[in-house]
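Structure below; questions to follow.
The values are calculated or read from the model by the stated rules, or taken from the named source; none is laboratory data. Bear in mind the structure is a predicted one, so any value in this text is a computation, not a measurement. Don't worry about glycine lacking a Cβ; one is built from the backbone with ideal geometry, like all the others, and counts go over all protein chains shown.
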Amino acid sequence: MGSVKNITKYKSVKSTVVTIGTFDGVHIGHRKIIERLVNTGKLEGLKSVILTFFPHPRMVLQKDSNIKLINTIDERRSILESVGLDYLLIKEFTKDFSRLTAEDFVKELLVEKLKAKKVIIGYDHRFGRNRNADIEDLRKYGDIYGFEVEEISAQDIDDVAVSSTKIRTALIEGDITKANAFLGYNFMLIGSVTKGKGLGRQLNYPTANINIAEDYKLIPKQGAYIVKAVISGATVYGMMNIGMNPTVNGEKQTIEVHFFNFDQNIYGEIIHIELLKRIRDEEKFESVNALKRQLNKDKEKALAFIANHHD
């Protein structure tokens, strides 16, 4: 898959089939559109292209927006690499771009830049300045500029009954099982391993502190989770705590992972953690020993889950 961060650098003489959207989560609802796109490209001899935007339009247009995204832009790119797409084009979303009229958007991007012969779009898609153009406008421009418009029907999309908003809600509520079912893959956190205060090692549960650089990445509800990661080519399981460490009067939220049967120095490495199941809420225990007893119970629960569910 070709991935182009700056659309001005995209050059192709080949005609394309295009879909447009944010695709946060690349969830099972998005997959229906993407499969249609890729299959159409193969059948009709067109290059399949997703045109997506970053930052998220709400980040730019609503200055008070604190929207958190399911995927970072790099995660989105990585997930889309597995779907057979020819090109992912990332258009920087700016205030100036948001003022582009619908016709200029079609003419400059879809027609002149992408050489679109077909545009596949969801039934409720809106575009152009103030999002004032809809699929009927797109069809009108298609007649003028020589491309076909294919609509993904309301029924096709609603059959899946999934949206990025529903997934965000599930993550905020800590329902990782529901979020993963909607996504069609395990929700992930990717970050660098940093040194913590060493409390985990004192408890005989050494942890890797995970620092996530992107402040727009959605962090699920605080609590304990069962997780897995691939480190040095090997799959390792563990348990992760997202929270404030109230038992030891923590002052800021941390993300800490204890990996089972693992003793490597991974400070400074970037690791990719998949969340499998939530065990419990974060609690304040009356003592460090009480916390350690709870960690022992968490480990038992996690190992039992892994024994029954690992792939």
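Which one is surrounded by the fewest Cβ atoms within 10 Å (Cβ to Cβ), of the residues in segment 166-207 that are basic (Lys, Arg) and in contact (Cβ under 8 Å) with a residue 60 or more places away in the chain?
So the residue we want is Lys195.
Assess whether Ile271 counts as being within 22 Å of Tyr185 (Cα to Cα), of a type in the set (A, V, I, L, M, F, W, C) and surrounded by 18 or more Cβ atoms within 10 Å (Cβ to Cβ). Write out each step before concluding.
Working: within 22 Å of Tyr185 (Cα to Cα): yes; of a type in the set (A, V, I, L, M, F, W, C): yes; surrounded by 18 or more Cβ atoms within 10 Å (Cβ to Cβ): yes.
Here the answer is yes, as Ile271 does meet what is asked.
Would you pick out the residues in segment 168-192 that are touching a strand residue (DSSP E or B) at 6+ places or on another chain (Cβ under 6 Å) and within 17 Å of His30 (Cα to Cα)? Before the answer, list the steps.
The initial filter retains those residues of segment 168-192 that are touching a strand residue (DSSP E or B) at 6+ places or on another chain (Cβ under 6 Å), namely 174, 176, 186-192.
Residues satisfying the conditions are Asn186, Phe187.
While we're on this one: Say whether the condition of being under 26 Å from the mean Cα position of the chain (by Cα) and touching a residue at least 24 places away in the same chain (Cβ under 8 Å) is met by at least one residue in segment 128-142.
Yes, because at least one residue in segment 128-142 is under 26 Å from the mean Cα position of the chain (by Cα) and touching a residue at least 24 places away in the same chain (Cβ under 8 Å).
State the number of residues belonging to segment 178-222 that are in contact with a helix residue (DSSP H, G or I) (Cβ under 9 Å, 6 or more places away or on another chain), among the aliphatic types (A, V, I, L, M) and assigned to a loop (DSSP other than H, G, I, E, B).
3
Are any residues in segment 18-50 more than 19 Å from Ser82 (Cβ to Cβ) and either touching a Pro at 6+ places or on another chain (Cβ under 7 Å) or in a strand (DSSP E or B) (or both), and if so, which ones? Full working, then the answer.
Kept after step one, since they are more than 19 Å from Ser82 (Cβ to Cβ), are these residues of segment 18-50: 18, 20, 43-46.
Selection gives Val18, Ile20.
Still on this structure, I have one more. Determine whether Ile144 is modelled with pLDDT under 95, among the aliphatic types (A, V, I, L, M) and farther than 30 Å from Lys228 by Cβ. If you could, list the steps in order and put the result at the bottom.
Details: modelled with pLDDT under 95: no; among the aliphatic types (A, V, I, L, M): yes; farther than 30 Å from Lys228 by Cβ: yes.
Answer is no for this residue.
Can you tell me which of (1) part of a strand (DSSP E or B); (2) among the aliphatic types (A, V, I, L, M); (3) modelled with pLDDT under 95; (4) in contact with a Leu (Cβ under 9 Å, 6 or more places away or on another chain) is the one Leu291 doesn't meet?
Checking Leu291 against (1) part of a strand (DSSP E or B); (2) among the aliphatic types (A, V, I, L, M); (3) modelled with pLDDT under 95; (4) in contact with a Leu (Cβ under 9 Å, 6 or more places away or on another chain), the one that fails is (1).
For the subset of segment 79-134 comprising residues that are among the polar types (S, T, N, Q) and at pLDDT below 90, which member is nearest to Val17 (Cα to Cα)?
From segment 79-134, those among the polar types (S, T, N, Q) are 82, 94, 98, 101, 130, 132; that's our starting set.
If we keep only those that are at pLDDT below 90 too, we end up with 82, 130, 132.
On the way: Ser82: 18, Asn130: 25, Asn132: 23 Å.
By that ranking, first place goes to Ser82.
Looking at segment 285-304, which of the residues that are within 17 Å of Tyr225 (Cβ to Cβ) and small (Gly, Ala, Ser) is surrounded by the fewest Cβ atoms within 10 Å (Cβ to Cβ)?
Residue satisfying both the conditions and the ranking: Ala304.
Same structure, new question: Could you list, in sequence order, the residues of segment 219-243 that are surrounded by 23 or more Cβ atoms within 10 Å (Cβ to Cβ) and aromatic (Phe, Trp, Tyr)?
Residue satisfying the conditions is Tyr225 alone.
Exactly one of these conditions fails for Val106: (1) part of a helix (DSSP H, G or I); (2) surrounded by fewer than 19 Cβ atoms within 10 Å (Cβ to Cβ); (3) free of Cβ contacts under 8 Å to residues at least 40 places away in the same chain. Give me its number.
Against the list (1) part of a helix (DSSP H, G or I); (2) surrounded by fewer than 19 Cβ atoms within 10 Å (Cβ to Cβ); (3) free of Cβ contacts under 8 Å to residues at least 40 places away in the same chain, Val106 comes up short only on (2).
Could you give me the residue pairs with C-beta distances under 8 Å whose first residue belongs to segment 16-41 and is within 19 Å of Asn180 (Cα to Cα) and without any contact (Cβ under 8 Å) to a residue 12 or more places away in the chain, whose second residue is in a loop (DSSP other than H, G, I, E, B) and among the small types (Gly, Ala, Ser) wherever it lies, and which are 6+ apart or on separate chains?
His30/Gly21
Right, here's the next one. Can you tell me which residue in segment 245-281 is farthest from Ser78 (Cα to Cα), limited to those that are out of contact with any Asp or Glu (no Cβ under 8 Å at 6 or more places or on another chain) and charged (D, E, K, R)?
Checked segment 245-281; the qualifying residue farthest from Ser78 (Cα to Cα) is Glu251.
Matching residues to (1) assigned to a helix (DSSP H, G or I); (2) farther than 30 Å from Phe182 by Cα; (3) of a type in the set (Phe, Trp, Tyr); (4) not assigned by TED's automatic domain parsing to the domain that holds Phe187:
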residue	(1), (2), (3), (4)
Ala224	no, no, no, no
Met240	no, no, no, no
His258	no, no, no, no
Gly268	no, yes, no, no
His272	no, no, no, no
Leu275	no, no, no, no
Ala302	yes, no, no, no
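In addition: Would you confirm, using the coordinates I've provided, whether Lys95 is surrounded by 14 or more Cβ atoms within 10 Å (Cβ to Cβ), under 20 Å from Gln62 (Cβ atoms) and either over 26 Å from the mean Cα position of the chain (by Cα) or not small (Gly, Ala, Ser) (or both)?
Numbers: surrounded by 14 or more Cβ atoms within 10 Å (Cβ to Cβ): no; under 20 Å from Gln62 (Cβ atoms): yes; either over 26 Å from the mean Cα position of the chain (by Cα) or not small (Gly, Ala, Ser) (or both): yes.
Considered against the rule, which asks whether it is surrounded by 14 or more Cβ atoms within 10 Å (Cβ to Cβ), under 20 Å from Gln62 (Cβ atoms) and either over 26 Å from the mean Cα position of the chain (by Cα) or not small (Gly, Ala, Ser) (or both), Lys95 comes out as no.
Could you check how many residues of segment 57-102 are outside any helix (DSSP H, G or I) and of a type outside the set (Phe, Trp, Tyr)? Explain how you work it out, then say what you get.
First, the residues of segment 57-102 that are outside any helix (DSSP H, G or I): 62-72, 84-94, 99-101.
Going one step further and asking which of them are of a type outside the set (Phe, Trp, Tyr), we end up with 62-72, 84-86, 88-92, 94, 99-101.
Result for segment 57-102: 23.
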